[in-house]
Structures are given as structure tokens and as C-alpha cells.
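Comments concern the structure below.
The values are calculated or read from the model by the stated rules, or taken from the named source; none is laboratory data. Nothing here was measured: the structure is a model prediction, and the numbers come from that model. Because the Cβ atoms are built from the backbone with ideal geometry, glycine has one as well, and the counts that use them run over all protein chains shown. In case anyone asks, the SASA skips ligands and DNA or RNA and just uses the protein heavy atoms, side chains included. Shrake-Rupley method; radii C 1.70, N 1.55, O 1.52, S 1.80 Å.
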Amino acid sequence: MSSVLSAAAVYLFVLVFVRLSGRRTLSEMTTFDFVVLLIISEGVSQGMVREDFSLTNAFLVALTLIFLDVVLSLIKQRWPPVDRWLSGVPMIIVENGRPLKDRMDRARVDEEDVLEAARALR
């Protein structure tokens, strides 16, 4: 049972930490993709590396994290404000061909990043 509680605590901590760190850290991944991938890999590796070599514990941790991810996706589906907080909302950083510096600073994106993204679309 302690593995389930530990997995849930780590999941929630990393989820909040990633959301507070902003968009720049996540690049193309959604918050949930990043959190689930990070914690599942850590949980499974602990089961393979720790002294007890317990695959059962590793599977239990992975199952707990996947369960939490499914539950949060259902919560996001039911309550849009929760979805906006967890997933974020699009931010306009260029309007009518002009960069909006204050928004770019908030998103920690510089003009070179915008130009690079525009070149990639061509």
C-alpha cells in the first residue's frame, strides 16, 4: 500500500511542479504525457534496480500512475476549468505579424524561437 501512496504523491507533486514551471519546459509534449512517462520509467526502474528486485512493486507503481492519469483525464473532461489548469490554454504571442513581448516573456519564448517555428512550417 505504501507503493501506491508514494506513487500517487510523486505523480501529484511532479504534475504541479511541471504546471508551475510553464510551457517552455514541455515543448511538444502535454503535461500528462511528460509526467506519466517520467514517473512510470522511474517506478519501473526502481523495481529492477533496488535491493528487493520486485517486479510486482514496479507493476503496482505503473498501474497506480496509469490509473491516476485516467482519473485526471476524466476529471478534465467533466470540468473544463480543471482542464485549463492542468493542460494550459493557447497563448497568442504574435499578433498581426508583431511579437507580443510581454506574453513571450511570460511563456519564456524569445523571438528566435518564434522565427525557428515559422521556418519549420514552410
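Identify all residues within segment 65-80 that are open to solvent by less than 50 Å² (accessible area, probe 1.4 Å) and not in a helix (DSSP H, G or I); write none if there are none.
none
Sort out which residues of segment 79-122 are at pLDDT below 80 and on the phi > 0 side of the Ramachandran plot, and write them in order of number.
Scanning segment 79-122 gives a single hit, Gly88.
Can you tell me which of (1) surrounded by 15 or more Cβ atoms within 10 Å (Cβ to Cβ); (2) touching an Asp or Glu at 6+ places or on another chain (Cβ under 9 Å) is the one Leu60 doesn't meet?
So the condition that Leu60 fails would be (2).
Give segment 84-122 a look and list any residue that's within 30 Å of Ser73 (Cα to Cα) and assigned to a loop (DSSP other than H, G, I, E, B), or say none.
Scanning segment 84-122 gives Gly88, Val89, Pro90, Met91, Ile92, Ile93, Ala107, Arg108, Val109.
Just wondering, is there one or more residues in segment 6-13 that are modelled with pLDDT under 65 and among the hydrophobic types (A, V, I, L, M, F, W, C)?
Within segment 6-13, none of the residues are modelled with pLDDT under 65 and among the hydrophobic types (A, V, I, L, M, F, W, C).
Of the residues in segment 59-78, how many are of a type in the set (S, T, N, Q) and at pLDDT below 85?
So the answer is 2.
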